[in-house]
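The structure under discussion appears below in the form of structure tokens.
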Amino acid sequence: MTKPLNQLSIVEAASGLRAKDFSVRDLWDACMAEAVAKNEELNVFLELFDANEEAIAAAQQRIDTEGEGAPLLCGIPIAMKDNILIEGHVASAASKMLENYTATYDATVTAKLKEAGALFIGRTNMDEFAMGSSTEHSAFGSTRNPLDPTRVPGGSSGGSSAAVAANMALAALGTDTGGSIRQPAAHCGLVGFKPTYGAISRHGLIALGSSLDQAGPLTHTVEDAKILFDVMKGEDSMDATTIPADFCATKTSAAKKRIGVPYHLLASGVDEDVRARFDETLEKFKEEGYEICEVQLPTSPYALPAYYVVMPAEASANLARFDGIRYGNGGKGKDLLEDYVIAKTEGFGHETKRRILLGTFVLSSGYIDAYYRKAQSARGALIAEYDKAFEEVDVIAFPTTPSPAFKFGEKSDPVSMYLEDVFTVTANLTGMPAISVPMGMVERDGVQLPTGIHFTAPKCQDELLFKMGGMVTGEEIY
Ligand code: GLN
């Protein structure tokens with residue numbers, strides 16, 4: 001094989017392992033060497049794990065004895081976002097509040113990956129508690145985009161996307177509450193997939209917005225994303241919102257051969273060259289016999305404001321547990337109240353505090369009708385509009401982000417940062433699955449930067465997104 005081992009896709013690595021071209025240990029060492037070499041510059045990992053010799057040996061043995069029967073993930077080094085619990089490891093959500101918190105159990109996704117024989121290479125940097133679109137809100141410094149270190153990798157799963165883009169791991173897990181898998185995937189030239197809400201268990205993820213959160217893969221190829229999804233999906237008694245695995249496995253065809261585009265949302269705000277890549281990508285579908293249709297989604301302009309009400313509301317409730325007593329650095333005040341105040345003041349960063357304040361405000365008795373309930377009705381209207389559009393089209397497409405990766409500090413005004421999510425939040429508000437796939441490069445300051453095309457499918461039609469994504473990357477899926 002000509003490619004360095006750390007640059008392989010999961011599928012390529014799995015086949016090389018089975019052919020005995022290299023060992024599990026070789027693959028681990030190749031990724032770890034790259035991670036060690038680049039981490040100081042890029043700040044991708046908050047912690048690189050020691051080699052788990054037992055797990056490496058067990059994976060090798062399984063491949064040796066089971067061959068093709070071994071799971072494809074067996075022996076594959078994976079990077080994990082720092083808000084996904086791995087028993088015995090720190091899970092800090094990139095917050096000072098949880099700097100010393102060690103997970104006492106595995107998240108369901110962690111347990112499923114372990115069962116498939118995957119190896120964890122380390123925990124990746126992120127925006128604190130997954131609040132952000134750039135990984136600049138980490139308490140432990142920003143992560144740099146490997147394609148242009150003067151730019152952000154996107155966020156909040158910026159460490160996970162940078163880990164894969166820099167070939168420090170073959171794939172990574174992120175979490176997506178409003179775009180945090182898809183947006184960094186677009187900024188780093190990767191595939192990022194957010195499943196149907198409930199397709200993957202949230203048990204053992206550090207909760208942000210419970211009605212919005214989903215874990216999902218960041219990978220080089222669509223096929224790799226599907227492999228990770230297939231291993232992680234399914235009902236879980238620890239998360240009552242999960243749905244049976246076969247719900248998301250049945251409908252694979254684009255029966256109508258129609259792609260809907262809400263052109264009215266693209267008229268302004270999308271960079272010209274990003275728009276050009278988008279139009280060119282859709283042309284490819286036309287050549288395959290697809291029709292591109294305009295769809296009207298009139299409530300869409302309210303999606304972002306609705307998200308930035310619902311999400312902080314849920315975050316303020318979820319983060320109440322971090323009080324310095326049950327979690328965090330308590331015991332510094334002269335009484336309980338002062339304890340709370342000191343622990344939260346010291347433990348949380350600016351963005352986290354801003355969202356807790358905002359969330360508490362929109363839930364308060366004088367304002368809940370004006371803000372929270374209005375946002376929830378916008379959510380209902382969005383679901384109805386998308387459902388209606390899906391009577392006519394198979395999927396809805398737009399660019400994942402209006403622009404490519406931006407420079408550090410460029411979006412220091414919170415509202416300009418929030419606008420990064422204008423296209424991604426709706427899939428979380430509606431619970432629908434969505435994927436971002438690389439759609440070509442644009443140039444900024446003499447550097448080529450990736451862009452992403454985003455497809456949303458009806459609930460439980462996750463498989464359809466792999467098919468559509470594969471058509472963009474040239475992978476034949478189904
Ligand atoms: N960028 C969005 C936010 O700041 C989305 C975050 C996420 O998906 N975790 O809330």
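The values are calculated or read from the model by the stated rules, or taken from the named source; none is laboratory data. Computed from a prediction, not measured in an experiment: that's the story for all the values here. Glycine also receives a Cβ, built like all others from the backbone with ideal geometry; neighbour counts cover every protein chain displayed. What goes into the accessible areas is simple: the full protein's heavy atoms, side chains included, and nothing from ligands, DNA or RNA. Shrake-Rupley method; radii C 1.70, N 1.55, O 1.52, S 1.80 Å.
Give the residues of the stretch 165-197 that are of a type in the set (Gly, Ala, Ser) and not in a loop (DSSP other than H, G, I, E, B), sorted by residue number.
Start the filter on the stretch 165-197 by keeping residues that are of a type in the set (Gly, Ala, Ser), which leaves 165-166, 169, 171-172, 174, 178-180, 185-186, 189, 192.
Correct list: 165, 171, 172, 174, 185, 186, 192.
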Inset, instruction - Could you look through the stretch 180-198, keep only residues that are touching a helix residue (DSSP H, G or I) at 6+ places or on another chain (Cβ under 8 Å) and more than 19 Å from residue 468 (Cα to Cα), and pick out the one that is nearest to the ligand (Cβ to nearest atom)? - result: 180
Inset, instruction - Mind listing whichever residues of the stretch 298-330 are within 12 Å of the ligand (Cβ to nearest atom), under 17 Å from residue 370 (Cβ atoms) and not hydrophobic (A, V, I, L, M, F, W, C)? - result: 307, 308, 312
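Report the residue count in the stretch 103-126 for those that are more than 19 Å from residue 138 (Cβ to Cβ) and not in a helix (DSSP H, G or I). Can you show your working first?
The first filter runs over the stretch 103-126 and keeps only residues more than 19 Å from residue 138 (Cβ to Cβ), leaving 104-120.
Adding the requirement that they be not in a helix (DSSP H, G or I) leaves 104-107, 116-120.
Number satisfying all stated conditions: 9.
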Legend entry - Number of the condition not met by residue 39 [criteria: (1) in a loop (DSSP other than H, G, I, E, B); (2) surrounded by 16 or more Cβ atoms within 10 Å (Cβ to Cβ)]: (1)
Inset, instruction - Could you tell me whether the stretch 53-60 includes any residue that is more than 20 Å from residue 217 (Cβ to Cβ), β-branched (Val, Ile, Thr) and not in a loop (DSSP other than H, G, I, E, B)? - result: yes
Inset, instruction - Looking only at the stretch 251-264, decide whether some residue is within 24 Å of residue 386 (Cα to Cα) and touching a Gly at 6+ places or on another chain (Cβ under 9 Å). - result: yes
Inset, instruction - Only residues that are under 18 Å from residue 10 (Cβ atoms), open to solvent by 30 Å² or more (accessible area, probe 1.4 Å) and in contact with an Asp or Glu (Cβ under 8 Å, 6 or more places away or on another chain): list them for the stretch 445-477, please. - result: 475
Inset, instruction - Read through the list (1) of a type outside the set (Ser, Thr, Tyr); (2) open to solvent by less than 20 Å² (accessible area, probe 1.4 Å); (3) part of a helix (DSSP H, G or I), then give the number of the only condition that residue 314 fails. - result: (2)
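Could you tell me which residue of the stretch 131-164 is nearest to residue 91 (Cα to Cα), considering only residues that are in a loop (DSSP other than H, G, I, E, B) and of a type in the set (D, E, K, R)?
Looking at residues that are in a loop (DSSP other than H, G, I, E, B) and of a type in the set (D, E, K, R), I get 136.
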Inset, instruction - Could you pull out the residue among 6, 43 that is in contact (Cβ under 8 Å) with a residue 24 or more places away in the chain, under 30 Å from residue 319 (Cβ atoms) and out of contact with any strand residue (DSSP E or B) (no Cβ under 6 Å at 6 or more places or on another chain)? - result: 43
Inset, instruction - Would you check if residue 93 is within 13 Å of residue 73 (Cβ to Cβ), out of contact with any Pro (no Cβ under 7 Å at 6 or more places or on another chain) and surrounded by 24 or more Cβ atoms within 10 Å (Cβ to Cβ)? - result: no
Legend entry - Test set (1) crowded, with 18+ Cβ neighbours inside 10 Å; (2) not in a helix (DSSP H, G or I) - residue 27 fails condition number: (2)
Inset, instruction - Scan the stretch 207-225 for residues that are surrounded by 24 or more Cβ atoms within 10 Å (Cβ to Cβ), of a type outside the set (A, V, I, L, M) and assigned to a helix (DSSP H, G or I) and jot them down. - result: 224
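Restricting the search to the stretch 150-161, which residues are open to solvent by less than 10 Å² (accessible area, probe 1.4 Å) and either out of contact with any helix residue (DSSP H, G or I) (no Cβ under 6 Å at 6 or more places or on another chain) or within 12 Å of the ligand (Cβ to nearest atom) (or both)?
Within the stretch 150-161, the subset open to solvent by less than 10 Å² (accessible area, probe 1.4 Å) is 152-161.
Of everything in the stretch 150-161, those that are open to solvent by less than 10 Å² (accessible area, probe 1.4 Å) and either out of contact with any helix residue (DSSP H, G or I) (no Cβ under 6 Å at 6 or more places or on another chain) or within 12 Å of the ligand (Cβ to nearest atom) (or both) turn out to be 152, 154, 155, 156, 157, 158, 159, 160.
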